[in-house]
Structure formats: structure tokens, C-alpha cells
1. Among the numbered conditions (1) farther than 26 Å from Asp14 by Cα; (2) not in a helix (DSSP H, G or I), tell me where Glu146 comes up short.
2. Can you say whether Met41 is of a type in the set (A, V, I, L, M, F, W, C) and crowded, with 23+ Cβ neighbours inside 10 Å, as far as the supplied structure shows?
3. Residue under question is Lys175, and the condition is that it be more than 24 Å from Leu125 (Cα to Cα) and free of Cβ contacts under 8 Å to residues at least 12 places away in the same chain; does it hold?
4. Filter the stretch 116-131 down to residues that are within 16 Å of ligand 1 (Cβ to nearest atom) and in a helix (DSSP H, G or I) and give me whichever is surrounded by the fewest Cβ atoms within 10 Å (Cβ to Cβ).
5. Go through the stretch 171-264 and tell me which helices (runs of 4 or more DSSP H), entirely inside it, have 1 or more residues that are surrounded by fewer than 20 Cβ atoms within 10 Å (Cβ to Cβ) and at pLDDT 95 or above.
6. Going through Leu211, Leu188 one at a time, which residue ends up being of a type outside the set (Gly, Ala, Ser) and under 21 Å from Glu24 (Cβ atoms)?
7. Scan the stretch 235-259 and report the pairs whose first residue is within 15 Å of ligand 2 (Cβ to nearest atom) and whose second residue is part of a helix (DSSP H, G or I) and of a type in the set (Val, Ile, Thr), with Cβ atoms within less than 6 Å and a gap of 6+ or a chain change.
8. In the stretch 1-60, which strands (runs of 3 or more DSSP E) lie fully inside it and hold 1 or more residues that are basic (Lys, Arg)?
Amino acid sequence: LVSRQVKAEDTVLDIDGVRIGGQERPVVIAGPCSIESPEQMEQTAAFLSARGVRILRGGAYKPRTSPYGFQGMGVDGLILGQRVARDHGMLFVTEVMDTRDVDVVAEHADILQIGARNMHNFALLREVGRARRPVLLKRGFAATVEEWLYAAEYVLSEGNDEVILCERGIRTFEKWTRNTLDLSAVALAKQMTHLPVIVDVTHAAGRRDLLVPLAKAALAVGADGIHVEVHPSPATALSDNEQQLDFAGYDAFLAGVGAALNVP
Ligand code: PEP
Ligand code: MN
């Protein structure tokens with residue numbers, strides 16, 4: 001179902017007027033790694049919406065490496081993310097990690113994110129396939145392109161054809177970046193499937209100084225959008241403080257990437 005042999009033309013999602021895929025202008029998905037407080041979300045949404053960003057991200061359920069790390073605000077975070085996004089005319093995307101949470105996340109989010117660590121969670125893929133919400137499907141950091149596309153197939157096979165693929169870097173022997181952005185996977189996914197493909201430069205690089213060239217490269221190979229983490233105060237963020245952009249950093253990022261992302 002994901003294949004271009006089945007459907008030749010690009011799938012273009014229209015989520016409350018926000019169009020993703022095809023020949024549309026690339027979208028920006030931005031926001032903090034974790035939802036932490038009303039002030040943090042309010043400031044971020046006000047800043048980003050003033051720059052034309054229509055999709056606000058923020059994790060309420062966080063897949064942390066350590067069980068002792070901040071695990072997210074849960075339902076309170078969902079409520080907060082939804083409210084702040086609405087107040088600023090934005091869509092809200094957030095990760096769902098557990099089949100038991102799909103209903104509550106779908107109640108509050110406009111787009112359900114499947115994180116890299118859950119790309120192989122077939123029960124979860126089926127469950128979001130039954131939800132009436134678009135799905136942002138991250139590639140697992142050790143998944144082949146074939147496995148990633150089969151993961152998307154799980155969602156489509158349950159009747160949900162609103163899937164956005166997201167390349168977020170894979171694990172290689174390289175240590176100077178957190179992951180290795182796989183641009184071939186982006187080009188391949190665009191060629192082999194009709195689904196929109198976006199690139200998460202933040203988790204791919206794991207460092208701020210590479211975000212501009214990686215975003216430019218992603219757009220050059222045909223990505224339909226860029227996913228980037230933005231936080232009012234990355235240094236005090238409860239997760240991913242090495243890589244989130246502050247507001248000045250986001251403006252510099254926009255200026256660096258240039259016209260393609262200067263959303264009207
Ligand atoms: C995220 O986007 O918040 C996240 C945890 O990313 P990934 O699943 O790609 O690691
Ligand atoms: Mn993060």
C-alpha cells in the first residue's frame with residue numbers, strides 16, 4: 001500500500017489546512033523535546049507561530065534511555081500541548097509509546113508520533129493504524145529502509161493512509177554525531193513510496209552546528225519538511241539540552257537554510 005507501484009502520485013495530507021507532501025512548500029515541525037511547563041510551551045508556540053510554523057511538537061511521554069530520566073508530563077502534557085497549539089493556530093504532534101495510550105493521545109494530538117524506539121512495535125503500529133489521526137513514523141535507528149516501509153505498511157493496512165515518514169538518523173560507528181543522517185533513505189523513500197517524507201535534523205545530528213547543512217541537504221534530496229527541536233532555554237531543558245535550538249538559534253537556522261523554509 002505504501003508503494004508507488006500501487007499509487008503513482010504523491011500523497012498530500014491536508015491536516016486542518018496544513019498541507020504536507022507533493023509539490024507543497026516544505027513544512028517545519030518544531031518545538032521542545034519535552035513538554036515541561038505552561039510558560040515554556042506558551043513562549044515556544046508564540047515564537048514559532050510568529051515565524052509561520054504551523055506544527056508544534058513536544059513530548060508528553062518520553063522514551064528515555066535511563067528509567068531515572070525525566071519521563072514526561074503524561075496526560076497533563078497532552079492537555080497543555082493541545083491548548084497552547086490551539087491558542088496559536090497550530091497543529092500539535094506528540095509521541096505515543098504505548099497501545100494503552102493511543103486513545104488519550106489521539107484525543108489531544110492532531111498527529112501521532114511513533115518514535116524511533118517503537119518503530120518495530122507492531123501492536124502499536126496496528127493501534128495507530130486504527131486511530132483516526134495522521135501518523136508521523138520515525139525510522140528506527142537500526143532499521144533498514146525496507147523495515148521502515150513495512151512499519152508504515154502496518155499502519156496503512158489497518159486503514160490509516162495518513163502516514164508521514166521521518167528519517168532521524170541511524171546508529172553507525174561514527175561518534176562525532178549522535179546518529180548518521182541517511183540521505184539515501186530519504187531519496188529512496190521518496191522514490192519508492194507516495195508518502196510524505198520529513199527529516200529530523202535535531203536527533204540526526206545531536207549537535208546544533210550541523211543543523212543548517214543537514215536541513216539544506218535534506219531538502220535537496222526531496223524531503224517534504226524539516227523537524228527541529230526548539231526550546232526557550234536549552235541549557236535548562238529536561239531532555240536533549242545539547243541539541244535543541246534557542247530562539248535566536250532558530251532564527252539563525254532559518255536564515256541559514258534560506259528561502260525554502262521561510263514560511264509565509
Ligand atoms: C522525539 O522526537 O522526541 C524523539 C524521542 O525522537 P526519536 O524517537 O527519533 O529518538
Ligand atoms: Mn529530543
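1. (2)
2. It is true that Met41 is of a type in the set (A, V, I, L, M, F, W, C) and crowded, with 23+ Cβ neighbours inside 10 Å.
3. The answer is yes for Lys175.
4. Of everything passing the filter in the stretch 116-131, Arg117 is surrounded by the fewest Cβ atoms within 10 Å (Cβ to Cβ).
5. 183-192, 211-220, 247-257
6. Leu188
7. Gln243/Thr202
8. It comes to 18-20, 55-57.
The values are calculated or read from the model by the stated rules, or taken from the named source; none is laboratory data. Fair warning: this is a prediction, and the values are worked out from it, not measured in the lab. Note that each Cβ is placed from the backbone with ideal geometry, even for glycine, and that neighbours are counted across all protein chains shown.
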